[in-house]
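Notes to accompany the following structure.
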Amino acid sequence: IVTAIILDASGQIIAVTIPSVSLFANPQHVIDATLTLKSLSKAIKNLDTKKLLKDLSSDKTFVWIKHEVSPFEKQMVNSLGLPGLYFEEQPKRFYIYGPLFSHILGFVSRDNRGIAGIEKFLDKDIITTSVGGGKDSSVMLSLDLRAQTIANEELDATIAEFNALGGVVIIADVTNGEVIASVSKPDFNPNDVSKAKADNLINRASLGVYELGSIIKGLVLSVG
């Protein structure tokens with residue numbers, strides 16, 4: 001499970017694990033499923049009432065009601081005083097700058113397992129550049145928040161100007177090869193990956209295939 005704080009090159013936090021609360025029910029402890037669901041619908045909006053009514057009326061012993069319940073929703077549910085409803089604390093991965101570092105950082109599953117990018121790397125427990133050692137340590141990247149922000153803005157402007165489908169910007173330090181900024185468009189919000197389209201998840205900086213074009217001239221010159 002990934003819990004490491006991820007920092008940019010200047011020490012700015014860009015990914016962190018924060019506490020979160022989820023609501024679940026034990027149908028065996030629910031006295032009246034219909035009344036419980038009716039009351040819950042007043043405390044928590046947009047519930048799948050049809051499915052929940054079926055679950056709360058079943059012989060199951062565990063049913064998720066909602067992940068990441070807000071403090072207000074938790075207070076409202078507590079005030080109902082209904083039996084069979086319980087809260088569980090769950091750590092949640094939070095990406096402070098949303099889509100800005102999405103393709104580099106990747107994202108995690110519901111149980112904080114790394115799925116892609118740096119998060120997947122950290123989940124393998126092979127950290128070699130961490131500060132303090134171990135999964136609970138801080139991991140500093142070579143990426144710089146300021147350079148990443150500028151690259152992101154310039155790429156957005158260029159895509160809009162030429163009505164492009166996407167684009168890539170990579171800024172590297174030629175003295176040591178460190179990547180200072182890496183932006184791929186379209187991107188996605190790692191805080192809510194469920195809304196991302198498949199095309200948005202492709203990191204064109206690392207997975208894209210391109211013709212060499214004029215860059216081959218430098219290779220030809222060096223050979224000559």
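The values are calculated or read from the model by the stated rules, or taken from the named source; none is laboratory data. The shown structure was predicted, so the numbers you read here are calculated from the model rather than taken from an experiment. For neighbour counting, all protein chains shown are included, and Cβ atoms are generated from backbone atoms with ideal geometry for every residue, glycine included. Side chains are part of the model used for accessible areas, which takes the heavy atoms of the whole protein and leaves out ligands, DNA and RNA. Shrake-Rupley method; radii C 1.70, N 1.55, O 1.52, S 1.80 Å.
Observations, loosely collected:
- For Gln28: the one exception among (1) out of contact with any Gly (no Cβ under 7 Å at 6 or more places or on another chain); (2) within 30 Å of Val168 (Cβ to Cβ): (2)
- Residue match in region 29-40 (condition: touching a residue at least 24 places away in the same chain (Cβ under 8 Å), open to solvent by 70 Å² or more (accessible area, probe 1.4 Å), β-branched (Val, Ile, Thr) and on the phi < 0 side of the Ramachandran plot): yes
- The set of residues in region 170-205 that are open to solvent by 80 Å² or more (accessible area, probe 1.4 Å), farther than 17 Å from Leu145 by Cα and assigned to a loop (DSSP other than H, G, I, E, B) comprises Val174, Thr175, Asn176, Lys197.
- Here is the figure for region 101-116: residues that are surrounded by fewer than 23 Cβ atoms within 10 Å (Cβ to Cβ), among the polar types (S, T, N, Q) and modelled with pLDDT of 90 or more total 1.
- Pairing each residue of region 67-95 that is assigned to a strand (DSSP E or B) with any residue that is among the hydroxyl-bearing types (Ser, Thr, Tyr), provided the two are 6+ apart or on different chains, yields C-beta distances under 6 Å for Glu88/Ser22; Gln90/Ser20; Gln90/Ser22; Pro91/Thr17; Lys92/Ser20; Arg93/Thr17.
- Trp64 fulfils the conditions (1) open to solvent by less than 60 Å² (accessible area, probe 1.4 Å); (2) free of Cβ contacts under 8 Å to residues at least 60 places away in the same chain; (3) in contact with a Phe, Trp or Tyr (Cβ under 6 Å, 6 or more places away or on another chain); (4) of a type in the set (A, V, I, L, M, F, W, C) except for a single criterion, (1).
- Selection within region 141-169 - open to solvent by 50 Å² or more (accessible area, probe 1.4 Å), among the β-branched types (Val, Ile, Thr) and within 18 Å of Ser10 (Cα to Cα): Ile150
- For region 41-61, the set of residues classified as assigned to a helix (DSSP H, G or I) and open to solvent by 70 Å² or more (accessible area, probe 1.4 Å) consists of Lys42, Lys50, Lys51, Lys54, listed by residue number.
- Boolean, Asp187 is at pLDDT 95 or above, within 23 Å of Ala15 (Cα to Cα) and touching a His at 6+ places or on another chain (Cβ under 8 Å): yes
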